[in-house]
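The values are calculated or read from the model by the stated rules, or taken from the named source; none is laboratory data. No experiment lies behind these values; they were computed from the predicted model shown. Here the Cβ positions follow ideal geometry from the backbone for every residue, glycine too, while neighbour counts run over all protein chains shown. The area values use the complete protein model at the heavy-atom level, side chains included, leaving out ligands, DNA and RNA. Shrake-Rupley method; radii C 1.70, N 1.55, O 1.52, S 1.80 Å.
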Amino acid sequence: MTAAMQPRLPLRDGSSIPQLGLGVYRVEPAATADVVGAALSCGYRLIDTAQGYGNEAGVGEAIAASGLPRSQLFTTTKLTSRAHGRDNALRAFDGSMQRLGVDYVDLFLIHWPLPDLDLYVETWRAFVELQQDGRVRSIGVSNFTEGFLQRLIDETGVVPVLNQIELHPWFPQRQLREFHDAQGIVTEAWGPLGQGSDLLQDPRLVDVAQRVGCTPAQVVLRWHLDQGNVVIPKSVRPDRMRENLAALDVQLDDADRAAVSALDRGVRLGPDPEHFAVT
Ligand code: NAD
């Protein structure tokens, strides 16, 4: 599928986001320009980084080297947990702009709510300022539970366009997705393939893949796409980048989707946002 034909999901502020992109968590800073350059060559147009990943500069280098029109690229970055609070957030954002080498960021997310600091509402107001300045096209959050989202909405009246959360067949987040749908918030899945765990070796998933004629990773990604999730699988290998992108061409039927949904264990691989704190 050509990059221009890839599906995009509308955001509630009038923008839109490619439905499949590349995540660069734990991509070595020195390797990032090459990895992102390879992804852009394969046809990826959404790159998901974060201040905390330490590799924004490599993402920026690859964007500059790609020669692609800025309007065709979608850049997401996230506020480091060390910079909650209005002034810290605005200063940290300036750093991201410099490292990415862009004159606007497509999507800026609060990485974690950090309830122990209790600064996420003030931080969100700074995000609203950044959007009003035009330096960020869209603003959203990550790892927010329904309670944290509801408080942001109640106290500021500004609904995040998107919430990036841990979501995969073992932890499908049905209740939070329903809340998102009711509020017009797009769900973006992190760890969509189960973060290199043995999820992809599950015989029930392998069965579906054999029946459909694709790989287990493609089954899982198509399951996400069919639910309306944005997915950002990470790989540093161009063969896997292409395989993951080709999930856009896979078709599952209801029975296939039900087989993947039956893998639900209700258990997170990552931290619980209610308790995650800066150390
Ligand atoms: P993931 O589920 O994308 O898993 C990545 C791992 O899966 C790779 O390292 C590789 O081992 C394996 N893999 C990738 N493609 C494969 C394929 N086709 N076949 C077999 N194995 C394959 O996990 P992730 O990197 O943690 O999550 C994706 C992205 O989400 C991150 O890179 C990051 O951008 C974002 N993220 C955000 C948060 C957050 O708190 N907001 C947390 C974690 C990750």
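Residues whose amide H falls under 5 Å from that of Leu167, counting only those 5 or more places apart or on a different chain, are Trp190, with hydrogens built in the peptide plane. For Ala89, neighbours were defined as the other residues whose beta-carbon sits under 15 Å from its Cβ, and their charges (Lys and Arg +1, Asp and Glu -1) total 0.
Find the accessible area per residue for the chain; the probe is 1.4 Å, ligands and nucleic acids are left out, and the unit is Å².
Values: 11820 Å² over 279 residues.
Here the residues of the chain average 42 Å² of exposed surface.
Summing charges over neighbours of Tyr104, with a neighbour being any other residue whose Cβ is under 9 Å away from its Cβ, gives +1 when K and R count +1 and D and E count -1. Judged by the gyration tensor of its Cα atoms, with axes a ≥ b ≥ c, the chain is oblate; a/c meets the 1.5 cut and b/c is at least as large as a/b. Compactness of segment 1-153 is given as radius of gyration and Dmax, 15.2, 45 Å, from Cα positions.
Derived scalar couplings between HN and Hα for segment 185-196 equal 9, 6, 9, 10, 9, 9, x, x, 9, x, 6, x Hz in order, rounded to whole Hz, by the Karplus curve 6.51 cos²θ - 1.76 cosθ + 1.60 (θ = phi - 60°), x for Gly and Pro.
The HN-Hα couplings worked out from phi for segment 262-279 by the Karplus form 6.51 cos²θ - 1.76 cosθ + 1.60 (θ = phi - 60°) are 6, 7, 3, 10, x, 10, 6, 8, x, x, 8, x, 5, 10, 5, 9, 6, 9 Hz, whole numbers, x standing for Gly and Pro. Computed from phi, the 3J(HN,Hα) profile of segment 238-255 under the Karplus parametrisation 6.51, -1.76, 1.60 (θ = phi - 60°) reads x, 5, 6, 4, 5, 4, 5, 5, 6, 4, 4, 9, 7, 10, 10, 9, 4, 5 Hz, with x in place of Gly and Pro. Between Leu117 and any residue 5 or more places off or on another chain, the built amide H atoms are never under 5 Å apart. Computed from the Cβ-Cβ distance with R0 of 25 Å, the FRET efficiency linking Ala30 to Arg240 stands at 0.80.
The helix-only estimate of mean residue ellipticity at 222 nm for the chain, built from DSSP H runs of length n ≥ 4 each weighted as -39500 (n - 2.57), is -12500 deg cm²/dmol after division by the residue total. Angle of helix 146-156 to the longest C-alpha principal axis of the chain, folded into 0 to 90 degrees and rounded to 10: 30°.
Carbon-plus-sulfur fraction of the accessible area of segment 1-107, 1.4 Å probe, in percent?
Roughly 50 percent of what the probe reaches on segment 1-107 is carbon or sulfur.
Positive contributions from Lys and Arg (+1) and negative ones from Asp and Glu (-1), summed over other residues with Cβ under 14 Å from the Cβ of Val35, come out at -1.
Binning the alpha carbon pair distances of segment 230-269 at 5 angstrom intervals from zero yields the distribution 5, 16, 17, 21, 22, 16, 2, expressed in whole percent.
Computed about its Cα centre, the charge dipole of segment 143-279 is approximately 380 debye, with only Lys, Arg, Asp and Glu carrying charge at their Cβ.
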